[in-house]
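**Student:** So that we are looking at the same thing, I have put the structure below in structure tokens.
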Amino acid sequence: MMPVQPSPVDQTLPQSVSPIMRTVDLSLYYQDFQAVKKASLSIFPETVTAVIGPSGCGKSSYLRCFNRMNDFTPGTKIDGQVFLHDQNIYAPDVDPVALRRNIGMVFQKPNPFPKSIYHNVAWGPKINGMAGDMRARVERALKKSALWDEVKDKLTQSGLSLSGGQQQRLCIARTIAMEPDVILMDEPCSALDPISTGRIEDLIFELKKKYSIVIVTHNMQQAARISDFTVFMYQGDIVEYGPTERIFTNPEKKQTEDYIRGKFG
Amino acid sequence: MTEPSLEEKALRQNLRVRHKKEKAFKFLCMMASAFSLLFLFSLFYNVISNGWSYVSWDFLTHFPSRFPHKAGIQSAIWGSVWLMGLTASLAIPIGVAASIYLEEFAPKHPLIKMVEVNISNLAGVPSVVYGLLGLTIFVRVLGLGRSVLSGALTMSLLVLPVIIIASREALKTVPDSMRYAALALGATKWQMVRDHVLPASIPGIMTGVILAMSRAIGETAPLLIVGAVGFVPFNPRGPMDEAFTVMPIQIYNWASRPQEAFHELAATGIMVLLVVLLAMNSIAIYLRHRFQRKNL
């Protein structure tokens with residue numbers, strides 16, 4: 001095993017832009033098992049950061065620390081900090097309910113509510129008491145998620161009547177309707193066919209003009225195609241972190257190189 | 001054409017035996033279901049042939065009497081209606097709320113685990129025991145008397161475990177992905193339960209409630225102990241009315257008389273009870289289907 005630096009610093013990371021989110025020495029335990037080991041990372045605004053690594057490397061667990069979804073898994077313990085701007089989201093005075101309004105999440109399997117397409121998108125803003133014209137908000141979110149043209153005539157139909165790829169875009173629309181600062185995506189294409197995957201990838205490319213996106217993926221080509229920064233995780237450690245192009249063409253660590261070349265994983 | 005090999009022959013022989021075994025098993029299972037159906041229909045036949053002669057509008061509108069041709073079941077029907085109405089309005093909200101707490105909010109704590117185990121145990125406690133509990137607490141300690149309300153409170157205790165267990169099972173069938181979707185949008189747990197988890201589990205909860213209510217409407221023992229009586233020639237006027245009867249007690253009362261005519265009246269009473277039960281179940285099934293459709 002190669003020793004791993006606790007916080008890999010890369011000269012090619014932007015030094016002038018301040019990160020929108022940061023984790024500092026973040027560790028996550030499930031009972032006695034340490035799933036994430038002192039992970040430090042910066043997420044920059046209006047970029048896509050891809051987290052790659054073999055199954056069970058802790059990348060999804062790590063992502064769920066960004067909006068405190070691990071709070072709902074009994075027996076988890078967190079060490080270290082996660083910052084949104086300058087606020088540690090694990091500080092005792094932070095309300096995780098309010099936090100999740102600013103950090104949206106898209107899940108592995110499309111999980112629309114068994115309600116109409118309209119209510120799928122409108123529900124989040126409604127329960128958060130957001131003001132303004134709801135119809136316009138729903139339309140805006142559906143347009144931004146490239147779903148409007150396909151559903152504008154059937155907004156009252158169930159979200160479950162859509163195809164898998166459309167359902168996932170509906171879930172993205174639902175997240176966008178909240179106008180979050182950051183969107184977390186946990187392998188959003190793993191349950192989709194290649195055409196639907198392509199559409200979601202195009203959509204992610206569009207969305208980064210306005211949002212910061214962290215995407216966990218087991219698909220290295222996908223990371224190479226859509227991300228600006230790539231994080232390689234292995235057995236709970238962040239092995240390497242840097243601009244995607246450099247990670248894929250000139251990795252510093254041998255483990256990263258082996259994984260990218262397909263020698264394990 | 002080539003002769004099948006020895007191995008092939010053995011395989012075919014074996015296959016024949018396997019098919020025969022399947023047929024035998026299928027037959028056994030069929031007999032088992034036919035057996036229970038047979039008993040159900042012979043029960044129906046028995047009840048209807050005994051009770052048919054007393055079926056009339058008068059039977060529903062008359063009060064009990066010592067003359068069989070004048071006797072009716074009106075006070076028992078109204079007693080059951082009062083009792084079921086009160087029991088449902090007490091037990092359903094409490095039972096569903098308790099199951100929501102245990103399933104969605106309660107921390108994983110040994111104390112909670114103990115509560116869960118004991119609720120399952122309570123579902124198996126004989127109903128007479130609930131009667132004694134009701135007599136002690138509601139009739140004596142709380143001073144509610146031998147009233148409809150005491151009976152309903154006792155019945156609520158009896159059916160609560162059934163409702164809680166069934167509702168928890170229904171809540172468990174709601175996939176966690178739906179919960180996470182709601183929570184990730186900044187919902188509180190209450191908003192998540194109210195708008196998604198509860199609507200999705202209503203059909204299952206309804207099934208549990210039907211079961212519980214069907215059990216309650218046929219119960220006799222706890223009510224006899226709490227104070228329902230077999231001969232009440234008037235309807236309950238309110239929850240605090242101290243003299244009331246219910247259908248199974250009225251039936252029991254008639255069946256225990258020596259005269260043959262009263263046995264026939266008991267059969268007629270059973271018919272009424274069965275019709276009420278069927279009606280209750282039909283309404284619940286209808287509501288369940290409506291909810292299921294609304295959810296899709």
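**Student:** ³J(HN,Hα) across segment B:47-55 via Karplus (A = 6.51, B = -1.76, C = 1.60, θ = phi - 60°), whole Hz, x for Gly/Pro?
**Tutor:** 5, 5, 5, 6, x, 4, 5, 9, 5
**Student:** Taking the Cα centre of segment B:6-53 as the origin, how large is its charge dipole in debye, to the nearest 20, when only Lys and Arg (+1) and Asp and Glu (-1) carry charge on their Cβ atoms? If you can, show how the numbers build up before the last one.
**Tutor:** On the way: 8 positive and 3 negative charges, 63 e Å.
Rounded to the nearest 20 debye, it is 300 debye.
**Student:** Hey, can you grab everything whose amide H is under 5 Å from the amide H of A:TYR90? Only 5+ residues off in sequence or another chain; H modelled, so Pro and N-termini drop out.
**Tutor:** Close amide H contacts, sequence-distant or interchain: A:VAL82.
**Student:** Also, quick follow-up: Given Cα pairs under 8 Å that are at least 6 residues apart, what percent is the relative contact order of segment A:42-134?
**Tutor:** Details: 31 pairs, mean separation 16.3, N = 93.
Worked out over segment A:42-134, it gives 18 percent.
**Student:** So, one more: Between segment A:237-261 and segment B:134-204, how far is it from one alpha carbon centroid to the other, in angstrom?
**Tutor:** One Cα centre to the other: 53 Å.
**Student:** Take every Cα-Cα pair in segment B:6-53 and report what % of them are more than 12 Å apart.
**Tutor:** Working: 817 of 1128 pairs.
The calculated P(r) of segment B:6-53 puts 72 percent of pairs beyond 12 Å.
**Student:** Counting only Cα, what are the radius of gyration and maximum Cα-Cα distance Dmax of segment B:222-296, in Å?
**Tutor:** 17.1, 57
**Student:** Here is a follow-up. A:GLU257 to A:GLN31: extension gain in nm, 0.36 nm per residue of separation minus the Cα-Cα distance? Don't skip to the end; give the middle numbers.
**Tutor:** Details: separation 226, 0.36 × 226 = 81.36 nm, distance 3.21 nm.
Taking 0.36 nm per residue and subtracting the Cα distance, the gain is 78.2 nm.
**Student:** Same structure, new question: Please give the helix A:134-144 orientation as an angle from the longest Cα principal axis of chain A, in degrees from 0 to 90, rounded to the nearest 10.
**Tutor:** Between helix and principal axis, roughly 50 degrees.
**Student:** If you don't mind, another one. Compute the distance in nm between two label points, each set 7 Å from the Cα along the Cα-to-Cβ direction, one at A:THR156 and one at B:LEU274.
**Tutor:** Computed distance between label sites A:THR156 and B:LEU274 equals 4.5 nm.
**Student:** As a check on your grasp of the helix formula, calculate [θ] at 222 nm for chain A: sum -39500 (n - 2.57) over DSSP H runs of n ≥ 4, divide by the residue count, round to the nearest 500. Display every interim value, and only then the final one.
**Tutor:** On the way: 10 runs with 86 residues, N = 265.
Dividing the helical sum by the residues of chain A leaves -9000 deg cm²/dmol.
**Student:** Identify all lysines with a Cα-Cα distance to A:LYS38 below 19 Å; exclude those on the same chain that are fewer than 8 residues away in sequence.
**Tutor:** Those lysines meeting the cut-off are A:LYS59, A:LYS77, A:LYS253.
**Student:** In segment A:80-116, which residues have a backbone nitrogen under 19 Å from the label point lying 7 Å from A:LYS126's Cα in the Cα-to-Cβ direction?
**Tutor:** Under cut-off, by backbone N: A:101, A:111-116.
**Student:** Oh, and also: Within chain A, which is the longest segment that contains none of the GluC sites (Glu not before Pro) sitting in a DSSP loop with at most 16 other Cβ atoms within 10 Å? Before the final figure, lay out the partial values.
**Tutor:** Details: sites that count: A:GLU46, A:GLU252.
Within chain A, the longest run free of exposed GluC sites (Glu not before Pro) spans A:47-251.
**Student:** Stokes-Einstein D for segment A:92-161 at 10 °C, 1.306 mPa s, Kirkwood Rh over Cα pairs, in µm²/s? Kindly include the intermediate steps, with their values, before the conclusion.
**Tutor:** On the way: Rh = 13.4 Å.
Diffusion coefficient, whole number: 119 µm²/s.
**Student:** Also: For q values of 0.12, 0.14, 0.17, 0.21 Å⁻¹, compute log₁₀ I(q)/I(0) with the Debye formula on a Cα-only model of segment B:140-296, without solvent.
**Tutor:** -0.70, -0.84, -1.03, -1.27
**Student:** How large is log10 I(q)/I(0) at q = 0.16 Å⁻¹ when the Debye formula is applied to the Cα atoms of chain B, each weighted equally and without solvent?
**Tutor:** Relative scattering, expressed as log10 I(q)/I(0), comes to -1.26.
**Student:** Report D for segment B:1-133 in µm² per second (integer): Stokes-Einstein, Kirkwood Rh on Cα pairs, 37 °C, 0.692 mPa s.
**Tutor:** Estimated via Stokes-Einstein, D reaches 146 µm²/s.
**Student:** If you bin every alpha carbon distance in segment B:63-187 into 10 Å steps from zero, what whole percent lands in each bin?
**Tutor:** Going out from 0 Å in 10 Å bins, segment B:63-187 shows 12, 29, 29, 17, 10, 3, 1 percent.
**Student:** How far is helix A:164-176 tilted off the main Cα axis of chain A, in degrees rounded to 10, range 0 to 90?
**Tutor:** With both axes taken from Cα atoms, the answer is about 90 degrees.
**Student:** What whole-number distance in Å separates the alpha-carbon centres of segment A:97-168 and segment A:205-235?
**Tutor:** Value for the Cα centre distance between the two parts: 23 Å.
**Student:** What are the principal axis extents of the Cα atoms in the protein assembly as shown, in Å, biggest first?
**Tutor:** Principal-axis extents of the Cα atoms in the protein assembly as shown, largest first: 103, 84, 52 Å.
**Student:** Which far-off residues, 5 or more places away or on another chain, put their amide H under 5 Å from the one on A:TYR211, with H placed in the peptide plane?
**Tutor:** Those qualifying (amide H under 5 Å, at least 5 residues apart or on another chain) number zero.
**Student:** Calculated from DSSP H runs of 4 or more alone, at -39500 (n - 2.57) each and per residue, what is the 222 nm mean residue ellipticity of chain B, nearest 500?
**Tutor:** Details: 12 runs with 209 residues, N = 296.
One gets -24000 deg cm²/dmol as the mean residue ellipticity at 222 nm.
**Student:** Over chain B, calculate the relative contact order: mean separation of alpha carbon pairs under 8 Å at least 6 apart, over the residue count, as a percent.
**Tutor:** Values: 360 pairs, mean separation 74.7, N = 296.
It comes to 25 percent, rounded to a whole number.
**Student:** While we're here: Over all distinct Cα pairs, what is the inverse of the mean 1/r for chain A, reported as the Kirkwood hydrodynamic radius in Å?
**Tutor:** One decimal place: 19.0 Å for the Kirkwood radius.
**Student:** Let me ask something additional. Segment A:16-36 to segment B:31-81: how many Å between their Cα centroids?
**Tutor:** After rounding, the separation between the Cα centres reads 71 Å.
**Student:** Loop only by DSSP, 13 or fewer other Cβ within 10 Å of the Cβ. Give me the trypsin sites (Lys or Arg not before Pro) in segment A:131-207 that pass, ordered by residue number. Provide the component values of the computation, followed by the final result.
**Tutor:** Details: sites: A:ARG135, A:ARG137, A:ARG140, A:LYS143, A:LYS144, A:LYS152, A:LYS154, A:ARG169, A:ARG174, A:ARG199; in loops: A:LYS152, A:LYS154.
Passing both the DSSP loop test and the Cβ count: A:LYS152, A:LYS154.
**Student:** 7 Å from Cα along Cα→Cβ at both B:VAL55 and B:ILE112: what's the point-to-point distance in nm?
**Tutor:** Going by the 7 Å Cα→Cβ label model, 5.2 nm.
**Student:** Restricted to Cα positions, what overall size does segment A:108-245 have along the principal axes? Three whole-Å values, descending.
**Tutor:** Each principal axis gives a Cα extent; for segment A:108-245 these are 46, 31, 25 Å.
Read-outs throughout are calculated quantities, based only on the coordinates presented, and are distinct from any laboratory measurement. Keep in mind it's a predicted model, so treat the numbers as computed, not measured. Because the Cβ atoms are built from the backbone with ideal geometry, glycine has one as well, and the counts that use them run over all protein chains shown.
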